[in-house]
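The values are calculated or read from the model by the stated rules, or taken from the named source; none is laboratory data. Just so we're clear, the structure is a prediction, and the values are computed from it rather than from any experiment. Here the Cβ positions follow ideal geometry from the backbone for every residue, glycine too, while neighbour counts run over all protein chains shown.
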Amino acid sequence: MQLKLDLHVHTWASRDGVSSLEEVLRAASRKGLDGIAITDHDQPFPMQLAEKLSRETELLVVPGVEITTRQGHLIALGFEELVKPMCDALAAGDLIKSAGGVLVVPHPFDKYSHGVGEELAVELEPHAVEVCNASTWRRYNRRAAELSRSRGIPGIAGSDAHHWRGVGRAYTVVEVEEPSIEEVLKAIRRGRVRAVEGYLPISVSILTLACRVLRAWGRRP
Ligand SMILES: [Zn+2]
Ligand SMILES: [Zn+2]
């Protein structure tokens, strides 16, 4: 069976996130997604809570984290260890893989969003590379897709939404035997994935920035 998952979503737990977990989950359901990965900055999502939400709601919630390394961002799915921010990317990658997590290189060519760059993206030997990030530029995604093709690294997609309105703008179709977190992780490792491209409308980007300003002023948007 095929499931549609947005594999890169932020919540209020990220310093620059402006929507609650509940808002993000509601948005994912409304968008018709089968699941999402919560990937807050340096804040691993608890596996137990992900399993509980996956049981009690109609969505599969994949626990993840977007780790800030010295060389840029990495995403770990199915991994809930706390990694010290600004650690070495290769050391973090080894840790994620040895702990059984799925290592994804997000937006590798977007230097402004802390992409790790082509050389490191290859050296990390990730399970997948993000070939469509709905919050970056098309040209960066095109280069990521080329990297995925030339190196045979599975390509996935996610919105990188920091506001619920951005959820599901890009997503990944995952081929699984049954809908479970473990099956989704297995499918990514095996490359049974297809990225579906899409972009945040400018209105959502502006709304996100405005909400961040409110948050910085101590107001909950
Ligand atoms: Zn990032
Ligand atoms: Zn992100």
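Look through the stretch 7-24, keep the residues that are surrounded by 24 or more Cβ atoms within 10 Å (Cβ to Cβ) and outside any loop (DSSP other than H, G, I, E, B), and return whichever of them is nearest to ligand 1 (Cβ to nearest atom).
Filtering the stretch 7-24 for residues that are surrounded by 24 or more Cβ atoms within 10 Å (Cβ to Cβ) and outside any loop (DSSP other than H, G, I, E, B), the one nearest to ligand 1 (Cβ to nearest atom) comes out as 8.
Per-residue answers, yes or no, for (1) touching a Leu at 6+ places or on another chain (Cβ under 7 Å); (2) small (Gly, Ala, Ser):
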| position | (1), (2) |
| --- | --- |
| 69 | no, no |
| 79 | no, no |
| 84 | no, no |
| 92 | yes, yes |
| 102 | yes, no |
| 109 | no, no |
| 114 | no, no |
| 119 | no, no |
| 146 | no, no |
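Name every residue in the stretch 69-79 that is in contact (Cβ under 8 Å) with a residue 24 or more places away in the chain and more than 14 Å from ligand 2 (Cβ to nearest atom), in order of residue number.
Applying the first criterion (in contact (Cβ under 8 Å) with a residue 24 or more places away in the chain) to the stretch 69-79 yields 69, 71-79.
Within the stretch 69-79, 71, 78, 79 meet the criteria.
Go through 194, 139, 143 for me and flag whichever is more than 14 Å from the chain's Cα centre (by Cα) and assigned to a strand (DSSP E or B). Step through it out loud before you land on a result.
Values: 139 fails: assigned to a strand (DSSP E or B); 143 fails: assigned to a strand (DSSP E or B).
Every option except 194 fails the conditions.
If the requirement is being surrounded by 17 or more Cβ atoms within 10 Å (Cβ to Cβ), farther than 19 Å from residue 162 by Cα and within 16 Å of ligand 2 (Cβ to nearest atom), which of these qualifies: 121, 134? Before the answer, list the steps.
On the way: 134 fails: farther than 19 Å from residue 162 by Cα.
So the residue among 121, 134 that is surrounded by 17 or more Cβ atoms within 10 Å (Cβ to Cβ), farther than 19 Å from residue 162 by Cα and within 16 Å of ligand 2 (Cβ to nearest atom) is 121.
For the stretch 194-211, name all the residues that are in contact with a strand residue (DSSP E or B) (Cβ under 6 Å, 6 or more places away or on another chain) and surrounded by fewer than 24 Cβ atoms within 10 Å (Cβ to Cβ). Spell out how you get there, then give the answer.
The first filter runs over the stretch 194-211 and keeps only residues in contact with a strand residue (DSSP E or B) (Cβ under 6 Å, 6 or more places away or on another chain), leaving 194-197.
Selection gives 194, 196, 197.
Can you name the residue in the stretch 39-64 that is away from ligand 2 (no atom under 16 Å from the Cβ), in a loop (DSSP other than H, G, I, E, B) and not aliphatic (A, V, I, L, M) and, of all such residues, is surrounded by the most Cβ atoms within 10 Å (Cβ to Cβ)? Explain how you work it out, then say what you get.
In the first step, residues of the stretch 39-64 are kept if they are away from ligand 2 (no atom under 16 Å from the Cβ); the result is 46-61.
Checking the rest, the ones that are also in a loop (DSSP other than H, G, I, E, B) come to 46, 57-59.
Going one step further and asking which of them are not aliphatic (A, V, I, L, M), we end up with 46, 57-58.
Numbers: 46: 12, 57: 14, 58: 12.
Selected residue: 57.
Given the conditions (1) over 18 Å from residue 185 (Cα atoms); (2) within 15 Å of ligand 2 (Cβ to nearest atom), which single one is not true for residue 82?
(2)
Would you confirm, using the coordinates I've provided, whether residue 28 is in contact with a Gly (Cβ under 7 Å, 6 or more places away or on another chain), among the aliphatic types (A, V, I, L, M), free of Cβ contacts under 8 Å to residues at least 60 places away in the same chain and under 26 Å from residue 108 (Cβ atoms)? Before the answer, list the steps.
Working: in contact with a Gly (Cβ under 7 Å, 6 or more places away or on another chain): yes; among the aliphatic types (A, V, I, L, M): yes; free of Cβ contacts under 8 Å to residues at least 60 places away in the same chain: no; under 26 Å from residue 108 (Cβ atoms): yes.
When the stated conditions are applied, residue 28 does not pass them.
If I go through the stretch 147-175 residue by residue, how many of them are more than 16 Å from ligand 1 (Cβ to nearest atom), assigned to a loop (DSSP other than H, G, I, E, B) and either surrounded by fewer than 21 Cβ atoms within 10 Å (Cβ to Cβ) or on the phi > 0 side of the Ramachandran plot (or both)?
Within the stretch 147-175, residues that are more than 16 Å from ligand 1 (Cβ to nearest atom), assigned to a loop (DSSP other than H, G, I, E, B) and either surrounded by fewer than 21 Cβ atoms within 10 Å (Cβ to Cβ) or on the phi > 0 side of the Ramachandran plot (or both) number 2.
From 96, 67, 36, grab the single residue that is assigned to a helix (DSSP H, G or I), buried (at least 23 other Cβ atoms within 10 Å of the Cβ) and either within 16 Å of ligand 1 (Cβ to nearest atom) or modelled with pLDDT of 95 or more (or both). Step through it out loud before you land on a result.
On the way: 67 fails: assigned to a helix (DSSP H, G or I); 36 fails: assigned to a helix (DSSP H, G or I).
It is 96.
Kindly check whether there is at least one residue in the stretch 202-220 that is within 16 Å of ligand 2 (Cβ to nearest atom), part of a helix (DSSP H, G or I), closer than 23 Å to residue 40 by Cβ and free of Cβ contacts under 8 Å to residues at least 40 places away in the same chain.
Yes, the stretch 202-220 contains a residue that is within 16 Å of ligand 2 (Cβ to nearest atom), part of a helix (DSSP H, G or I), closer than 23 Å to residue 40 by Cβ and free of Cβ contacts under 8 Å to residues at least 40 places away in the same chain.
Scan the stretch 70-88 for residues that are under 24 Å from residue 35 (Cα atoms) and outside any strand (DSSP E or B) and jot them down.
Residues of the stretch 70-88 that are under 24 Å from residue 35 (Cα atoms), as a first pass: 73-82.
Scanning the stretch 70-88 gives 78, 79, 80, 81, 82.
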